[in-house]
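The values are calculated or read from the model by the stated rules, or taken from the named source; none is laboratory data. Keep in mind that this is a model prediction, so the values were computed, not measured. Positions of Cβ are generated from backbone atoms using ideal geometry, with glycine treated the same way; all protein chains shown enter the neighbour counts. With ligands, DNA and RNA removed, areas are computed over all heavy atoms of the protein, side chains included. Shrake-Rupley method; radii C 1.70, N 1.55, O 1.52, S 1.80 Å.
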Amino acid sequence: MEVKPQTVAHGFKEEGIVEAALDRSVYSMVSGEIISLPVKEGRHVSAGDLLARLDSRDLEYQLAQLTAQRNSLAGQELKSNRETGQQVDQQQLAVEEAKRQLAKSENDYHRVKFLYDSGAVAGTELEAAENTVKQWQNNLARQESKLGYLQEEAGSGGAVAGGSTADRQYYQGMIDAVEAQIKQVEEQIANCRITAPVDGVVLELDARQGMVVSPQVPLMKLAGTGGCEINAYVLTEDVLPVKEGMPVTITQKRKDGDYRFQGIVQAIAPAAVEKVSALGLVERRVKVTIQPKGKPPELRPGYALDVQFTVLKQQNRLAVPKTCVFPYAGGDALWVVRDGRAVIQKVKKGMETDELLVIEQGLRNGDKVVKNPQLEGLKEGKRIIVAA
């Protein structure tokens, strides 16, 4: 063969699987029995469409009980408020009565003192009248103090609707606790309606009507309608030269002829995962995500494609088939034809691919190389006839 400059590329091929660019696994947020399942595999749905509905009757019973409990507490609070208002009213009457009795005892005292000064009554009567005044003064002070306490407990001005501070805090705390339970049950009832999180197509429908599900079990998968991507799992020893933005060639095998189109490496996973090869070997591979470019053929989730990665390319290089080169004198050599005769030419190897080997030193453009160094009778000086 005549050696001429050419472009030499090194790469490898992996299988790529088409996946939706946006897909979601659908789970139930609560446990329960599926009583309605209005979707089937392959059906297109919009975000918010009903996918499944769980039996929520027990939760609705709980909600009714909690609502009744909240109303009962509100009624008890209202009754307590009224009782507190009545206590304030009664105590105000007691204060007014103490004031009336104090005024009466003071009038009696002034009358007895006048008689005492006139010598009409003894000192013991004056002393008794004075003690009666003091008693009613102390009684009024006690009644006013009790009224102030009740008014403080009842709130501003002792309003009837206010109730006591302690009672208000007690009932408000109880009502708040029930309200929190009501919100929780209402949220659980809402979660019994499982809706589509995105626009997409229903895939891998594992749910069935009548099935009892739990929050850990996926019901179905939605493949988003926002395009697709191709995922290839590359061996760890091959993935190092693969970079984001690198172009790749993708082949879709068809009966009417293979279809090739281009793609771009969009993302490289930060860690490897274990994959089992076709031969049953456990291998460490890295997920590489590829975005198709231009006008790719119709691609659907699950399609298998061939992805050709070109990780190294050299242009204008002299290269020969790898089978041409053989070990010689502690190095490498190949047979060339010089002046019509076979000559062993020592060479320095460069980049190699699955088939070609770049020759860095030892060859010139236009040199003719013997492709099979194992030809019978081949030796140095042997005359070689090169076919036209």
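Contact map, the range 299-314: residues that are over 12 Å from Ile230 (Cβ atoms) paired with residues that are open to solvent by 50 Å² or more (accessible area, probe 1.4 Å) and of a type in the set (Val, Ile, Thr), Cβ distance under 8 Å, separation 6+ or inter-chain. Pairs shown: Lys313/Thr7; Gln314/Thr7. Pairing residues of the range 189-201 that are under 25 Å from Arg57 (Cα atoms) with residues that are part of a helix (DSSP H, G or I) and open to solvent by 10 Å² or more (accessible area, probe 1.4 Å), at Cβ distances under 6 Å and at least 6 apart in sequence or on separate chains, gives Ile189/Leu59. Would you say Gln216 is over 26 Å from the mean Cα position of the chain (by Cα), open to solvent by 50 Å² or more (accessible area, probe 1.4 Å) and over 30 Å from His10 (Cα atoms)? No: the conditions fail for Gln216. Cβ-Cβ contacts under 6 Å between residues 6 or more apart (or on different chains), taken from a first residue in the range 252-270 that is of a type in the set (Ser, Thr, Tyr) to a second residue that is assigned to a strand (DSSP E or B), are listed as Tyr259/Gln252. Screening the range 292-338 for strands (runs of 3 or more DSSP E) wholly inside it with 1 or more residues that are within 30 Å of Ala223 (Cα to Cα) and under 32 Å from the mean Cα position of the chain (by Cα) returns the ranges 304-321. The residues of the range 367-378 that are in a loop (DSSP other than H, G, I, E, B) and either among the hydrophobic types (A, V, I, L, M, F, W, C) or surrounded by 10 or more Cβ atoms within 10 Å (Cβ to Cβ) (or both), listed by number, are Asp367, Val370, Lys371, Asn372, Pro373, Leu375, Leu378. Across the range 15-36, the number of residues qualifying as assigned to a loop (DSSP other than H, G, I, E, B) and either modelled with pLDDT of 95 or more or touching a Leu at 6+ places or on another chain (Cβ under 7 Å) (or both) comes to 2. Kindly indicate whether any position in the range 61-81 is closer than 18 Å to Asn191 by Cα, out of contact with any strand residue (DSSP E or B) (no Cβ under 9 Å at 6 or more places or on another chain) and touching a residue at least 12 places away in the same chain (Cβ under 8 Å). There is at least one residue in the range 61-81 that is closer than 18 Å to Asn191 by Cα, out of contact with any strand residue (DSSP E or B) (no Cβ under 9 Å at 6 or more places or on another chain) and touching a residue at least 12 places away in the same chain (Cβ under 8 Å).
Among the residues of the range 226-238, those that are closer than 16 Å to Gly263 by Cβ and either without any contact (Cβ under 8 Å) to a residue 40 or more places away in the chain or open to solvent by less than 50 Å² (accessible area, probe 1.4 Å) (or both) comprise Gly227, Cys228, Glu229, Ile230, Asn231, Ala232, Val234.
Count of the range 1-34 residues, restricted to those that are more than 24 Å from the chain's Cα centre (by Cα), over 30 Å from Gln252 (Cα atoms) and open to solvent by 60 Å² or more (accessible area, probe 1.4 Å), is 5.
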